[in-house]
Amino acid sequence: MMVGITGTPGTGKTSVAAELERRGHRVVRLTDTVRPYILEEDRCRQTLVVDVDRWVAEFEPLDGIVEGHLAHYLPCDRVVVLRCRPDVLRQRLSPRNYSQEKVAENVEAEALDVILIETLEGHPGEHVLELDTTSLSTGECADLIEQFIRGELPSSYGSIDWTDYLDLGA
């Protein structure tokens, strides 16, 4: 079974995946797989432009966990979308040396459910778990993901609403 862990940068993907790996799960980090598919590197926006279609077409399915903010594009059997309240996400991203524009872009994407929507466009809802990491420890997140993988925790999504955190230019 291939399980994707996806989410906006700063939601906890890398930390949770490291905990799952520590627990014995096979984990593949997408940052280790996309290098041959980079079309351009936009240093000003601190963004890599990836040929996602080619990367997905050539990705070898695996039995394990695939971690990264593009994981939901892969043909995963189950997908976990990590979420984080936008004000907390802003605090998590600030120490990363991202530009203010990049931080704002990611916070807005989180408030608008961008990754969740993209995930649901490619995967049936019964295979998707949306998990709010805002106040959960890494271990608690890993516990819930393991329960989801084993089928002990049902699919759940759509209950998080952070539209109040959108800056509408007021």
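The values are calculated or read from the model by the stated rules, or taken from the named source; none is laboratory data. Please read these numbers as outputs of a predicted model, since none were measured by experiment. For neighbour counting, all protein chains shown are included, and Cβ atoms are generated from backbone atoms with ideal geometry for every residue, glycine included.
Annotation: of all residues in the range 112-170 being in contact (Cβ under 8 Å) with a residue 12 or more places away in the chain and among the small types (G, A, S), the one that is farthest from G64 (Cα to Cα) is S159.
Of the helices (runs of 4 or more DSSP H) lying entirely inside the range 1-108, those carrying at least 3 residues that are surrounded by 19 or more Cβ atoms within 10 Å (Cβ to Cβ) are 13-22, 86-93. For V114, the criteria (1) under 15 Å from the mean Cα position of the chain (by Cα); (2) buried (at least 19 other Cβ atoms within 10 Å of the Cβ); (3) β-branched (V, I, T); (4) within 23 Å of T163 (Cβ to Cβ) hold in every case but one, which is (2).
Selection within the range 117-139: residues that are under 15 Å from the mean Cα position of the chain (by Cα) and closer than 19 Å to D164 by Cβ. The member of this set that is surrounded by the most Cβ atoms within 10 Å (Cβ to Cβ) is T133.
In the range 113-168, the qualifying residues are those that are among the acidic types (D, E) and not in a helix (DSSP H, G or I), and the one that is modelled with the lowest pLDDT is D167.
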